[in-house]
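Contents: one structure, followed by commentary.
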Amino acid sequence: MYLLFNNYKKIIINFFIVILLLIFQMYFPSIVTSEDFLLIKFDFILIYLVYLSFNYRIYLIICFAFFIGLFQDLLVQPSTIGLFSFLKVLFVYFIGYLKDSNNIWSLQFKYFFITFLLFIHNSLYHYIFINEFNFYALIYIFLESLMNLILIILIDRLIFTKKVF
Amino acid sequence: MSYTNTFFLNKRLITLFIFLFFSLLLFFTNKSKFVQKVEKDIIDLVAFISYPKLWYENILYVKSSNDLLSQNVTQLKLLNSKLTNYQIENIKLREMLDFKETHPMLSLLPANKVNDNFTSIYSIIINVGINDAINKNQPVIDMNGLVGKTIKVGDNASKVQLITDKNFAISVKVGNEMSLAIFKPTFGRYGYLEGVLKTLVLNEGEIIYTSGVSEIYPSDLPVAKVVSFTKDPDKLTQNVIVEILAKINELNYVFVIQ
C-alpha cells in the first residue's frame, strides 16, 4: 500500500504545487494594456511545466500538462474548456525538443526558441479573447513572452541551478 | 529497428496526438462565442487555403462549360438554320397551295425536284411517277410559268425535259390578237418566237401563253414575257426575244398537270 502510494506521490505533490501556483497566479497583479481583454501577466504554471519537462519524461509531462490545463480551464475559463490543455500540451511537446538538444543548441538559440514558444502560446491564447489582432497586441504579447522568459532565466539561475540553460 | 523501439521513439508523438485530440474535442464541443469565433476563423482559413484549388477547379469547370456551350451554340445554329429553311419552305409551300387553289380548273400534282440532269438534254428528275398516275408528255409548271414536260416515267420518279432544252418547242399565243407563234429557247432563260407577223402589235413585258393547239399543253399557261422585238425589212416576221417566266435555276417544287 505504501509502495503504491509512493508511485503516485510525485504526481500528487506536483498537482498540489500546480494548484498553489494557479491560486498564486490568479491573485498576482497583471499589467493592463490599451487592448481590451489583453492583460500581460506571468504564467507560473508554464514555467513550472518547463521545470517538470527537464526532470521527467516528456510524454508523462504531456499527460500531466493536459490535466493541469483542463483543471485551469475549469477554474479560470469554463467557456473555452480545452484551450489551456491544448496550448499546454503543445508547449510541453516542443519543450521536449529543447530538452533533447540542450547540449547542442547555443544559449542565444535556446532563448530565442523559448521566446518563440511563449509567443506562440500567448498569441493563440489571446487570439481567442481579443476582438482584433493588431500590431499593438502583437507587441504586448511579445513583451509578455519576454517577461516570462526573464522569469524562466531567473528561476533557472536561482532554483534549478542552470538546468535549462 | 524493432517494433518496440519504434513505439518508444514515437511515444511522445502518440501522447501528443491523443491529448491534442481530446483538447480539441473538448474545445469544439463548447458553443461559447469564443469557440464560435475560432470556428468562423478556421472556416475562413480553410476557404483561403483551398481558394487556389477552387480557382483551378473553376477554371477547369469554365473551360469544360465553354466547350459544352460552344457545342450547344453550334448545334443551335444548325437547328436555327434548319428552322429558317423550314420557314422558307413553309412559305413556298403555302404559296404553292395558294397557286393550286387559284387554278381550280387544272388538276395539279405537286412534286419535288430530286436531281438535275444536263447530260444530253436539259432535264430534271421529280419524285412522282406511274404510282402517282403520271404519264409521258404531261406538262410541268411552277408558280411562275411552264417548266417543261415529262419525257420518261418510272414507278416513283419522272424525267422532265426543261423548257430551256434546245429541242424544246411550244405553240404559244401572243399579242392582243392572240396570234400563234412558236417558242424556242436560245440560251439561259431566254428564247425567241417564230412566226410573229410584222403587223402584230407587241409590248415589252407582255406575257405569252400556251395556245392550246398542242395535245400536251393546255391553253393559257404562262410561258415567257416579251423582252424586245425588232422588225427586219428582209423578213416577213418580227424578231421577238422573250424571257422564260419559270425560275429554272431555282426549281424546288413543281406541279404536274394531270
Of all the residues that make up segment A:119-148, how many are more than 16 Å from A:Ile31 (Cα to Cα) and either small (Gly, Ala, Ser) or out of contact with any Asp or Glu (no Cβ under 7 Å at 6 or more places or on another chain) (or both)?
13
Among (1) modelled with pLDDT of 85 or more; (2) more than 30 Å from B:Gly145 (Cβ to Cβ), the one test that B:Thr4 misses
(1)
Count of residues meeting criterion [at the interface with another protein chain (Cβ under 8 Å from one of its Cβ atoms) and over 21 Å from B:Asn30 (Cβ atoms)] in segment A:87-98
2
Matching residues in segment B:209-236 (of a type in the set (Asp, Glu) and under 33 Å from the mean Cα position of the chain (by Cα)) number 1
Here is a list: B:Ser81, B:Ser32, B:Ser50, B:Ser70. Which entry is within 14 Å of chain A (Cβ to nearest Cβ) and of a type in the set (Gly, Ala, Ser)?
B:Ser32
Pairing a residue in segment A:66-86 that is more than 8 Å from chain B (Cβ to nearest Cβ) with any residue that is outside any helix (DSSP H, G or I) and polar (S, T, N, Q), where Cβ atoms lie under 8 Å and the two sit 6 or more apart in sequence or on different chains, gives A:Phe84/A:Gln77
Would it be correct to say that B:Glu194 is surrounded by fewer than 21 Cβ atoms within 10 Å (Cβ to Cβ) and without any contact (Cβ under 8 Å) to a residue 24 or more places away in the chain?
no
Within segment B:134-178, which residues are of a type in the set (S, T, N, Q) and touching a residue at least 40 places away in the same chain (Cβ under 8 Å)?
B:Asn137, B:Gln138, B:Asn144, B:Thr150, B:Ser158, B:Gln161, B:Thr164, B:Asn167, B:Ser171
Look through segment B:141-165, keep the residues that are among the hydrophobic types (A, V, I, L, M, F, W, C) and outside any loop (DSSP other than H, G, I, E, B), and return whichever of them is nearest to B:Ile257 (Cα to Cα).
B:Ile141
In segment B:191-208, the residues that are within 34 Å of the chain's Cα centre (by Cα) and under 11 Å from B:Ile241 (Cα atoms)
B:Gly191, B:Gly205
Only one of B:Leu93, B:Leu76, B:Leu97 is farther than 30 Å from B:Ala157 by Cα and either assigned to a helix (DSSP H, G or I) or modelled with pLDDT of 90 or more (or both), namely B:Leu76
Please enumerate the residues belonging to segment A:20-43 that are surrounded by 14 or more Cβ atoms within 10 Å (Cβ to Cβ), assigned to a helix (DSSP H, G or I) and without any contact (Cβ under 8 Å) to a residue 24 or more places away in the chain.
A:Gln25
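A quick yes/no check of all residues on (1) under 17 Å from A:Ser85 (Cα atoms); (2) without any contact (Cβ under 8 Å) to a residue 24 or more places away in the chain; (3) touching a Lys or Arg at 6+ places or on another chain (Cβ under 7 Å); (4) exposed (fewer than 15 other Cβ atoms within 10 Å of the Cβ):
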position: B:Leu16; (1), (2), (3), (4): yes, yes, no, no
position: B:Leu25; (1), (2), (3), (4): yes, yes, no, yes
position: B:Phe28; (1), (2), (3), (4): yes, yes, no, yes
position: B:Phe34; (1), (2), (3), (4): yes, yes, no, no
position: B:Glu39; (1), (2), (3), (4): no, yes, no, yes
position: B:Ser50; (1), (2), (3), (4): no, yes, no, yes
position: B:Tyr56; (1), (2), (3), (4): no, yes, no, yes
position: B:Tyr61; (1), (2), (3), (4): no, yes, no, yes
Selection count where residues are in a loop (DSSP other than H, G, I, E, B) and within 14 Å of chain B (Cβ to nearest Cβ), scope segment A:111-156
4
Exactly one of (1) in a helix (DSSP H, G or I); (2) of a type in the set (A, V, I, L, M, F, W, C); (3) surrounded by fewer than 14 Cβ atoms within 10 Å (Cβ to Cβ) is unmet by A:Ile104. Its number?
(1)
Given the conditions (1) assigned by TED's automatic domain parsing to the domain that holds B:Tyr217; (2) exposed (fewer than 12 other Cβ atoms within 10 Å of the Cβ); (3) at pLDDT below 90, report the number of the one that B:Thr102 does not fulfil.
(1)
For segment A:39-57, name all the residues that are within 14 Å of chain B (Cβ to nearest Cβ) and under 21 Å from A:Phe119 (Cβ atoms).
A:Leu49, A:Ser53
What number goes with the only condition from (1) under 22 Å from B:Leu108 (Cβ atoms); (2) aromatic (Phe, Trp, Tyr); (3) not in a loop (DSSP other than H, G, I, E, B) that B:Tyr217 does not pass?
(3)
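The values are calculated or read from the model by the stated rules, or taken from the named source; none is laboratory data. All values derive from a computational prediction rather than experimental measurement. Methodologically, a virtual Cβ is constructed for each residue, glycine included, from the backbone with ideal geometry; neighbour enumeration extends over all protein chains shown.
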